1. Any chance you could count how many residues in region 219-232 are open to solvent by 60 Å² or more (accessible area, probe 1.4 Å) and either at pLDDT 90 or above or not in a loop (DSSP other than H, G, I, E, B) (or both)?
2. Between E472, E434, E427, E468, which is modelled with pLDDT of 90 or more, among the charged types (D, E, K, R), over 30 Å from T281 (Cα atoms) and open to solvent by less than 20 Å² (accessible area, probe 1.4 Å)?
3. Just one of (1) modelled with pLDDT of 85 or more; (2) surrounded by 14 or more Cβ atoms within 10 Å (Cβ to Cβ) trips up A531, so point out which.
4. Return yes or no: is Y485 crowded, with 18+ Cβ neighbours inside 10 Å and modelled with pLDDT of 90 or more?
5. Do we find a residue being farther than 26 Å from Y485 by Cβ, among the hydrophobic types (A, V, I, L, M, F, W, C) and at pLDDT 75 or above anywhere in region 353-366?
6. Give me the pairs: first residue in region 217-237 and over 27 Å from T178 (Cβ atoms), second residue assigned to a helix (DSSP H, G or I) and open to solvent by less than 50 Å² (accessible area, probe 1.4 Å), beta-carbon distance under 6 Å, and six or more apart or on different chains, which are they?
Amino acid sequence: MVSEDNVIEDSVSVEDDFDGDDYDYDDGGDYYDDDYGDAGDDDDDYGLVEDDDFDDPGAMVSRRPKLGYTVLQEADIKQRQEDDISKVSTVLSLSQVEATILLRHYNWNVNEVHDEWFSDEERVRKSFGLFERPVVDVSYANEFTCGICFDLLPCDNFASASCGHSFCRECWQGYICTSINDGPGCLLLRCPEPSCKAAVGPDMIDKLAPCEEKEKYSQFLLRSYIEDNREAKWCPAPGCENAVNFAVGGGDFDVTCLCSYRFCWNCTVEAHRPVDCETVTKWMLKNSVDGENVNWILHNSKTCPKCKRPIEKNQGCMHMTCTPPCSYEFCWLCLRAWSSHGLATGGFYSCNVYEAEMQKGNVDAEMRREMAKNSFEKYTHYYERWASNQSSREKALEDLNRMESENMEKLCNVQCTTMSQLKCITEAWLQIVECRRVLKWTYAYGYYLPEHEKTKTQFFEYLQGEAEAGLERLHRCAEKELDKYVTADGPSSDFDDFRTKLTGLTSVTKTYFENLVRALENGLEDVNSTACNKTASPRSPASPRSPTGRNGKGRGSRGKESPRAGVSPKNVDDTSK
């Protein structure tokens, strides 16, 4: 079975490929107009899973993009920690214990330790309690009186730090155990003598603490190597013990742990590209305040727009069909007829557009109520779509799990094919999972778009609608059309055509989302009023289908257009040709 984590690991190239310029609009344009062209070539590689990698799951990890971060397992962390301690110990001619104490105080920054030590060794020693010799005279008597319990005991029952203050082992043990059980503060432990600042290092812990406390101290020391390091953070996935070392200034903050959980290194929230961390923080805070009210509304069943019977969404895509005898087909999001979402209406997903009705006039009590209502309705609009895409993503993960664990082998047997020939199915579901994640966060982006920037809003909604329409076609194909081949009694003559179609849809959908991500990451800054007014207007068969790189000259035609906002010139036809 494929877990969500494994799915995300396998799909690591999906999001990372958003930075690439691997696809031309010509490919997407032909397929969008139902002319598959070369999209279904079985030998084509659409950047998701390579042939050799599909047969060798271990190769997927090795194909992880060489980005500005490194995933560290516990053994790696320990090794790095020991290497840093050895470096400091060798360069400064200190014991391992003293090197550990210094590094802990300087947040495991080797360079800073060196700089401070060579700048003023005496000050550093005094500040952190690293005494070269005892500060009290050591008596050679056979018995000592403990300064804590005042018991007179043999000298071999006593121990002391570098300062020379001696206390009995039982008192030392109680002091150390209490400090360790109080938390990570034990890493800064000092001599029990109130006036003494001598550091108590790992050597004293190993010598005096019970096994359980030793283990706790070791874990605190290990975790401090990550938690005190400005360039490393723990993976936030539940149960994961890995950490990510990130080269600050390395660019994109989205990282993928070895457990396959993808998150933003900057804010440690799940990966939210192309939305910035500030927007995510505001959105999540708003959800925590208003989300419960909206959830109460959304979790009640919707009614069929035609027969008014209660309905429940039990599949991932938004194309709903009421039960017979009604059989009305409609969109789950906007509850309009599904026929209004297809090519017949220009392929534009109108349900992703929010039209705020703002009344004008004096602001009175009635106006304030109306504005509050509009504000809540706007939030509900975006939150519902944000939540719906999240649930659709989770459903897509479940479907992929089921496909991998139950249906893939069955499909091979029924259709008399090999697993490598079915990689297009895995690619399609990985693309769906990743696109649902991106689409989910675009609704948070759209909610915070300034209402007075109509040009950007229109361009954003156009790009979002085109991407969403492509995703719905891919999701429907992978979810509904595939089922008949799984349940077939024998090989289907058109199964190869289906694989060609699914491969083409995967490629085109990937291109749509690359364009959307690039535009949003550029802040929609390059869009101009004239271009946006074109894209926002209803398209007729004779009008240009900008800004998607296609025109309205009919199926398979390829128009020449200038690059649109946020899109590399490589992805559009060169007008100079």
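1. 3
2. Numbers: E472 fails: over 30 Å from T281 (Cα atoms); E434 fails: over 30 Å from T281 (Cα atoms); E468 fails: over 30 Å from T281 (Cα atoms).
Selected residue: E427, the only one of E472, E434, E427, E468 that is modelled with pLDDT of 90 or more, among the charged types (D, E, K, R), over 30 Å from T281 (Cα atoms) and open to solvent by less than 20 Å² (accessible area, probe 1.4 Å).
3. That leaves (1) as the condition not met.
4. Details: crowded, with 18+ Cβ neighbours inside 10 Å: yes; modelled with pLDDT of 90 or more: no.
For Y485, the condition - crowded, with 18+ Cβ neighbours inside 10 Å and modelled with pLDDT of 90 or more - is not met.
5. Start the filter on region 353-366 by keeping residues that are farther than 26 Å from Y485 by Cβ, which leaves 353-366.
Okay, now just the ones that are also among the hydrophobic types (A, V, I, L, M, F, W, C), so 353, 356, 358, 363, 365.
Filter once more, keeping what is at pLDDT 75 or above: none.
Looking through region 353-366, none of the residues is farther than 26 Å from Y485 by Cβ, among the hydrophobic types (A, V, I, L, M, F, W, C) and at pLDDT 75 or above.
6. From residues that are over 27 Å from T178 (Cβ atoms), the pairs are A232/I226.
Okay, residues lined up against (1) more than 16 Å from E98 (Cα to Cα); (2) in contact with a strand residue (DSSP E or B) (Cβ under 6 Å, 6 or more places away or on another chain); (3) not acidic (D, E):
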| residue | (1), (2), (3) |
| --- | --- |
| D156 | yes, no, no |
| Y175 | yes, no, yes |
| C191 | no, no, yes |
| P210 | yes, no, yes |
| L222 | yes, no, yes |
| N229 | yes, no, yes |
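Yes/no per residue for (1) part of a helix (DSSP H, G or I); (2) under 23 Å from the mean Cα position of the chain (by Cα); (3) not hydrophobic (A, V, I, L, M, F, W, C):
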site	(1), (2), (3)
M408	yes, no, no
V414	yes, no, no
L422	yes, no, no
E427	yes, yes, yes
V433	yes, yes, no
R437	yes, yes, yes
W441	yes, yes, no
A444	yes, yes, no
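The values are calculated or read from the model by the stated rules, or taken from the named source; none is laboratory data. Being a predicted model, the structure only gives us computed values, none of them experimental. Glycine gets a Cβ as well: all are built from the backbone with ideal geometry, and neighbour counts include every protein chain shown. Accessible surface is based on the protein model in full, side chains and every heavy atom, while ligands, DNA and RNA are left aside. Shrake-Rupley method; radii C 1.70, N 1.55, O 1.52, S 1.80 Å.
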